[in-house]
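One structure is given below, encoded as structure tokens.
The values are calculated or read from the model by the stated rules, or taken from the named source; none is laboratory data. These numbers were taken from a predicted model, which means no experiment stands behind them. Here the Cβ is made from the backbone with ideal geometry for all residues, glycine too, and neighbour counts use every protein chain on show. These area figures cover heavy atoms from the full protein model, side chains too; ligands, DNA and RNA do not enter into them. Shrake-Rupley method; radii C 1.70, N 1.55, O 1.52, S 1.80 Å.
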Amino acid sequence: MAEAANNPFKTYCALLVSVLAMVLAINNLGGSNTGKDATMNNILASNMYSFYQAKSIKQTQYKVAAEELEIQLTSDKLNAATKELLQAKLSAYKKNLERYESEPDTGEGKKELMIKAKEFEQLRDLALKKDPWFDYAEGLLQLAIVLTSVAIITGRRIMASLALFLGIVGTVCTFNGYFLFF
């Protein structure tokens with residue numbers, strides 16, 4: 001038993017398993033968060049597009065109503081008070097049309113909503129680019145841990161070398177998942 005504890009190869013393999021397990025844990029955290037980010041940003045982009053559509057529908061309704069008022073104002077049959085009332089209503093409708101197009105104060109105009117939707121799409125796309133790297137890393141790191149365990153049992157150094165290689169590639173994939181070097 002003391003001989004096994006003093007065996008440098010088994011100590012090396014045990015340390016390798018520990019390091020691989022640590023990188024795997026870090027990888028799983030990143031992969032989980034990236035998947036959540038992709039889903040959340042997809043939902044937020046969809047919400048912005050829905051809000052944009054609602055604004056477009058309301059804007060179209062105001063546009064149709066404003067055009068109807070403009071037609072009514074061309075009539076000679078209206079008295080001055082009615083024309084004044086219709087003109088005030090038309091002015092209010094046109095203000096709403098402008099407000100629906102762009103509302104910088106609240107960020108809820110169509111222009112601002114489209115910008116937000118595009119930003120959320122970019123964040124979603126970035127998360128989707130990162131996500132597969134975490135998956136590759138997870139598989140490689142798990143294989144490396146298994147091969148290291150086999151190396152401990154069989155005493156085959158080639159297995160430990162292969163495990164080390166897969167662990168290095170898995171670690172690179174993990175870092176790429178976080179930082180997208182390539």
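Structural remarks
- Any hit, region 8-28, residues being of a type outside the set (A, V, I, L, M), under 30 Å from residue 128 (Cβ atoms), part of a helix (DSSP H, G or I) and touching a Ser or Thr at 6+ places or on another chain (Cβ under 7 Å): yes
- All of 160, 137 fail the test of being closer than 30 Å to residue 45 by Cα, open to solvent by less than 30 Å² (accessible area, probe 1.4 Å) and modelled with pLDDT of 95 or more, apart from 137.
- Any chance residue 83 is farther than 29 Å from residue 111 by Cα and surrounded by 12 or more Cβ atoms within 10 Å (Cβ to Cβ): yes
- If the condition is being modelled with pLDDT under 95 and of a type in the set (A, V, I, L, M), then region 1-26 contributes 1, 2, 4, 5.
- Residues within region 86-107 that are open to solvent by 60 Å² or more (accessible area, probe 1.4 Å), in a helix (DSSP H, G or I) and within 30 Å of residue 50 (Cα to Cα), tallied: 6
- Of residues in region 140-156 being over 14 Å from residue 17 (Cα atoms) and in contact with a helix residue (DSSP H, G or I) (Cβ under 8 Å, 6 or more places away or on another chain), the one most open to solvent (accessible area, probe 1.4 Å): 156
- Pairs with Cβ under 9 Å, 6+ apart, first in region 66-89 and in contact (Cβ under 8 Å) with a residue 12 or more places away in the chain, second among the small types (Gly, Ala, Ser): 89/65; 89/66
- Leading residue by the ranking (farthest from residue 178 (Cα to Cα)) among those in region 29-46 that are of a type outside the set (A, V, I, L, M, F, W, C) and touching a helix residue (DSSP H, G or I) at 6+ places or on another chain (Cβ under 7 Å): 42
- Qualifying positions in region 46-65 - within 30 Å of residue 86 (Cβ to Cβ), free of Cβ contacts under 8 Å to residues at least 40 places away in the same chain and surrounded by fewer than 15 Cβ atoms within 10 Å (Cβ to Cβ): 53, 54, 57, 60, 61, 64
- Of the residues making up region 1-45, those that are open to solvent by less than 60 Å² (accessible area, probe 1.4 Å), within 26 Å of residue 127 (Cα to Cα) and not hydrophobic (A, V, I, L, M, F, W, C) are 27, 30, 31, 32, 34, 35, 41.
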